[in-house]
Every structure is written in structure tokens, then in C-alpha cells.
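Trainee: The structure that follows is given in the form of C-alpha cells.
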Amino acid sequence: LDADTILVKDPTELILNYSKQLKTSGYIFAARTEIEKASVENYRDFYIYDKALPFERLGIDELYFNAGVLLINYDLWIQKNIGNKLIEKMDSLGDNIVAWDQDVINSFTNGKYIELEKWINFYNVDVNEKSLDSEVVLIHYLGSKKPWKVSGVFTHASKYYHHNFRKISNTDYHITHQWKLYSLRELLINIVNLNIIKIDKPLRFILNFAKSIID
């Protein structure tokens, strides 16, 4: 699991089912497809630069998966010496690597993996109240709007992160800054457009924000 993931429901049953599939399939990985070559034009806005589109760059035929949530057949990993093979693949790709380990593993597998349901690697940009009332098991906070940044606090998915944060902290919000002035600008924008009243404990958020700026 990537560090920017959080469980919403118990994943045990799904993981056991996929583990059985992996053992019988002969594949090393189970993952959620992120891009299909057949519909690659739909991703031009997501991958801002053409270089980031992976198919020609990595020598992939049809499918490119997200490596933030992976199930791995560890017995086969050891048996087939996958670690060393991935290092060799990394060396051969050189400057064609953009998304680090995700690019390397995708180039190595070239579409040969078990497809995970989207519910076990559900992107934060897709989260809304209706979706989380269905079958979502794990939220993956993709992109720059992480829930611990001010820009990410005002996305619907962030409340699940902060709900769990409160279980281990004596503060209501975990807030970090790359640039404090940018964070202040984001806060003011979300106060003006009234998004501030849509989050849990808005006054506590403002107090936590002020403390984080001073600290």
C-alpha cells in the first residue's frame, strides 16, 4: 500500500479471494488498471505532458495499472527472482521512467496481472457520499490534494482521513504546508466560497490552521 491510502471497510475477504486467484493464475501482481491504450485520449488532461503517457515510453501493449495498491504473490516473487529482474528493468528504462516504481513494474508485467476491482483502490477524486455508501473498501489519495494539505481538506474524501487521525491525536486536523502563503490563500478562497461550512468542525479547522502556521 502507498502511504496515502486509508481503509474504509474490512478488506480481508477481498484480499483472500484475490490471493486465491493469484495462486492459480501464475501472475505475480493484482492491481487496478489506470490507463487503457484504447482510450488513451481520455487521459491527456490527467497526464499533462505527452511524455508521461506510458505505452510507447515503456514498451507496454494495452494496459497500465496503478501501483498504489498491489497484491503480490510473494512465493513466485522469490522463486522467479523478481526483485533483481525489476532492477534490471529499471536500468534498461533509464530516463523513460516518470512514475518511478509504477513505471518499472508496469513495463515488466506488460498487462499480465489480475485486475482489482476499483473498490479496493478507489481514487479520492471519485469519492462522493453515494460512492462511499456502496462498496468502497480503500481510498487512495492521488495527486497533489492530499487530505493533510489545505487544498485537500475541502475535498469530500478528506474527512475519512481526519476521522482516523483524530483517533491517534489530540487535535482535530492534521495540517502541513509546503508554502504557508499558498495555504493561507487556499483557506481564504474556501471561506469566501463557503466551502468552510461543509467540512466537519470548521472552527476547529481554522484554529488548527492558525496553530500550524505559527508552528
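Trainee: Could you check ALA31 against (1) under 27 Å from ILE6 (Cα atoms); (2) at pLDDT 95 or above; (3) open to solvent by 40 Å² or more (accessible area, probe 1.4 Å) and say which number it fails?
Mentor: (3)
Trainee: Name every residue in the range 190-215 that is of a type in the set (A, V, I, L, M), in a loop (DSSP other than H, G, I, E, B) and under 23 Å from ILE139 (Cβ atoms), in order of residue number.
Mentor: Once the filter is applied, which keeps residues that are of a type in the set (A, V, I, L, M), in a loop (DSSP other than H, G, I, E, B) and under 23 Å from ILE139 (Cβ atoms), the range 190-215 yields only ILE199.
Trainee: For the range 139-150, enumerate the residues that are in contact (Cβ under 8 Å) with a residue 24 or more places away in the chain and open to solvent by 20 Å² or more (accessible area, probe 1.4 Å).
Mentor: Hits for the range 139-150 are LEU142, LYS146, TRP148, LYS149.
Trainee: I've got another one for you. If I filter the range 160-176 down to residues being under 20 Å from the mean Cα position of the chain (by Cα) and surrounded by fewer than 19 Cβ atoms within 10 Å (Cβ to Cβ), which single residue comes out as nearest to SER212 (Cα to Cα)?
Mentor: THR176
Trainee: Between a residue in the range 163-186 that is in contact (Cβ under 8 Å) with a residue 60 or more places away in the chain and any residue that is outside any loop (DSSP other than H, G, I, E, B), which pairs come within a Cβ distance under 8 Å, given they are 6 or more apart or on different chains?
Mentor: ASN164/ILE6
Trainee: Report the residue count in the range 150-189 for those that are closer than 22 Å to ASP126 by Cβ and in a helix (DSSP H, G or I).
Mentor: 13
Trainee: Mind listing whichever residues of the range 85-109 are open to solvent by 80 Å² or more (accessible area, probe 1.4 Å) and more than 30 Å from GLY152 (Cα to Cα)?
Mentor: Selection gives LYS85, ILE87, GLU88, MET90, ASP91, SER92, ASP95.
Trainee: Also, I was wondering about something else. Enumerate the pairs (first residue in the range 77-88 and more than 17 Å from TYR27 (Cβ to Cβ); second residue anywhere and in a helix (DSSP H, G or I) and open to solvent by 80 Å² or more (accessible area, probe 1.4 Å)) with beta-carbon separation below 7 Å, excluding pairs fewer than 6 apart on the same chain, so at least 6 apart or on different chains.
Mentor: Filtered contacts from the range 77-88: no entries.
Trainee: Would you confirm whether any residue within the range 116-123 is over 25 Å from GLU13 (Cβ atoms) and either part of a strand (DSSP E or B) or open to solvent by 20 Å² or more (accessible area, probe 1.4 Å) (or both)?
Mentor: no
Trainee: Follow-up. Looking at SER183, SER151 in this structure, which one is touching a helix residue (DSSP H, G or I) at 6+ places or on another chain (Cβ under 6 Å) and under 29 Å from LYS9 (Cβ atoms)?
Mentor: One residue alone meets the criteria, SER151.
Trainee: Taking LYS112, is it open to solvent by 80 Å² or more (accessible area, probe 1.4 Å) and either part of a loop (DSSP other than H, G, I, E, B) or within 30 Å of LYS198 (Cβ to Cβ) (or both)?
Mentor: The answer is yes for LYS112.
Trainee: Looking at (1) open to solvent by 70 Å² or more (accessible area, probe 1.4 Å); (2) over 18 Å from the mean Cα position of the chain (by Cα), which one does ILE72 not meet, given that it meets all the others?
Mentor: In the conditions (1) open to solvent by 70 Å² or more (accessible area, probe 1.4 Å); (2) over 18 Å from the mean Cα position of the chain (by Cα), ILE72 misses (2) alone.
Trainee: Can you name the residue in the range 134-156 that is modelled with pLDDT of 90 or more and among the small types (Gly, Ala, Ser) and is also farthest from ASN193 (Cα to Cα) among such residues?
Mentor: GLY152
The values are calculated or read from the model by the stated rules, or taken from the named source; none is laboratory data. Keep in mind that what you see is a predicted model, and the values were worked out from it rather than measured. When we count neighbours, we look across all protein chains shown, and the Cβ atoms used for this are built from the backbone with ideal geometry, even at glycine. In case anyone asks, the SASA skips ligands and DNA or RNA and just uses the protein heavy atoms, side chains included. Shrake-Rupley method; radii C 1.70, N 1.55, O 1.52, S 1.80 Å.
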